[in-house]
Amino acid sequence: MGRYAEGTMSESAGNIRRVAVYCGSASGTDPIYMEEARALGAAIAAAGIGVVYGGASVGLMGAVADAALEGGAEVIGVLPEVLAGSEIAHTGLTRLEQVPTMHARKARMVKLADAFLILPGGYGTLDEMMEIVTWAQLKIHAKPCVLINTTGYWNGLLDFLDTAVLEGFLKAQNRALLRVAGNAAEALEMLAEL
């Protein structure tokens with residue numbers, strides 16, 4: 001038996017203890033984004049998994065954290081010093097770690113997480129996602145990366161990646177490193193099957 005109680009999703013997910021969640025510090029214009037963020041936090045908690053995320057109390061980030069905490073999950077925030085004084089730090093987390101830089105934040109999140117889930121977001125989310133998938137391509141890690149394509153938010157990016165394959169800039173097997181789920185429940189099911 002693994003490190004988890006019998007029958008939990010964590011055990012069947014290959015010892016996934018924590019997932020890093022990359023997502024926006026904004027809420028988005030459609031309420032579905034916040035609903036999906038809350039659903040993801042709740043689903044992670046129900047699966048007996050912990051969350052590692054950027055440490056903010058606002059937007060999708062705050063919604064994931066709050067829902068996971070309400071479900072009894074461990075939630076670790078990693079906040080760079082540049083954002084520490086901006087009053088966005090979540091004060092109710094299991095643990096909030098402060099790191100010197102954005103680079104240190106990303107490295108710490110990778111170290112703490114066993115898988116990566118990506119919700120809608122902007123430049124920061126895109127940066128984190130591309131870096132973590134690039135690291136998988138370079139075999140720096142072998143942790144699953146699952147993009148949650150809420151209401152088709154990421155369709156343009158997915159089309160671009162398909163174009164990169166067609167044009168010979170991305171190998172098909174590396175394109176497949178970024179798995180795609182339609183919603184939070186499907187993303188957790190994907191992790192359970194790994």
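Lys and Arg at +1, Asp and Glu at -1: add these up for the other residues within a Cβ distance under 15 Å of residue 126 and post the number.
Residues near residue 126 contribute -3 overall.
Convert 4 °C to kelvin, take the viscosity as 1.567 mPa s, use the Kirkwood radius over C-alpha pairs of region 14-85 as Rh, and evaluate the Stokes-Einstein diffusion coefficient in µm²/s, rounded to a whole number.
Result for D is 107 µm²/s.
Ranking request for peptides 22-31, 182-191: highest mean number of other beta-carbon atoms within 10 Å first, then the rest in descending order.
182-191, 22-31
In whole angstrom, how far apart do the alpha carbon centroids of region 89-129 and region 17-54 sit?
12
For region 32-38, what does the Karplus curve 6.51 cos²θ - 1.76 cosθ + 1.60, with θ = phi - 60°, yield as ³J(HN,Hα) per residue in whole Hz, taken in order and with x for Gly and Pro?
Running phi through 6.51 cos²θ - 1.76 cosθ + 1.60 with θ = phi - 60° gives 4, 5, 5, 4, 5, 4, 5 Hz.
Along Cα→Cβ, 7 Å out, is where each label goes; now give me the distance between the ones at residue 140 and residue 46 in nm to one decimal.
3.4
If R₀ is 22 angstrom, what is the calculated FRET efficiency for the pair residue 162 and residue 27, using the beta carbon separation as r and rounding to 0.05?
0.15
Between residue 35 and residue 15, what is the FRET efficiency for a Förster distance of 30 Å, r being their Cβ-Cβ separation, to the nearest 0.05?
With a Förster radius of 30 Å, E is 0.50.
Dividing the Cα radius of gyration by the Kirkwood radius, what Rg/Rh value follows for region 70-170?
Radius of gyration relative to Kirkwood radius: 1.01.
In deg cm²/dmol, rounded to 500, what helix-only [θ] at 222 nm does the chain give when every DSSP H run of at least 4 residues adds -39500 (n - 2.57) and the total is split over its residues?
Per the formula, -13000 deg cm²/dmol.
Take the eigenvalues of the Cα gyration tensor for region 121-188, scale each by 5, and report the square roots as semi-axes in whole Å, largest first.
For region 121-188, the ellipsoid semi-axes come out as 18, 15, 12 Å.
Counting DSSP beta bridges in the chain, what percent are antiparallel, to the nearest 5?
Taking every DSSP beta bridge within the chain, about 5 percent pair in antiparallel fashion.
For a test of the definition: using alpha carbon positions, the gyration tensor, and the 1.5 limit on a/c, classify the chain as rounded, prolate or oblate.
rounded
Read-outs throughout are calculated quantities, based only on the coordinates presented, and are distinct from any laboratory measurement. Just so you know, these numbers come straight off a predicted model, no measurement behind them. Positions of Cβ are backbone-derived with ideal geometry, glycine not excepted, and every protein chain shown enters the neighbour counts.
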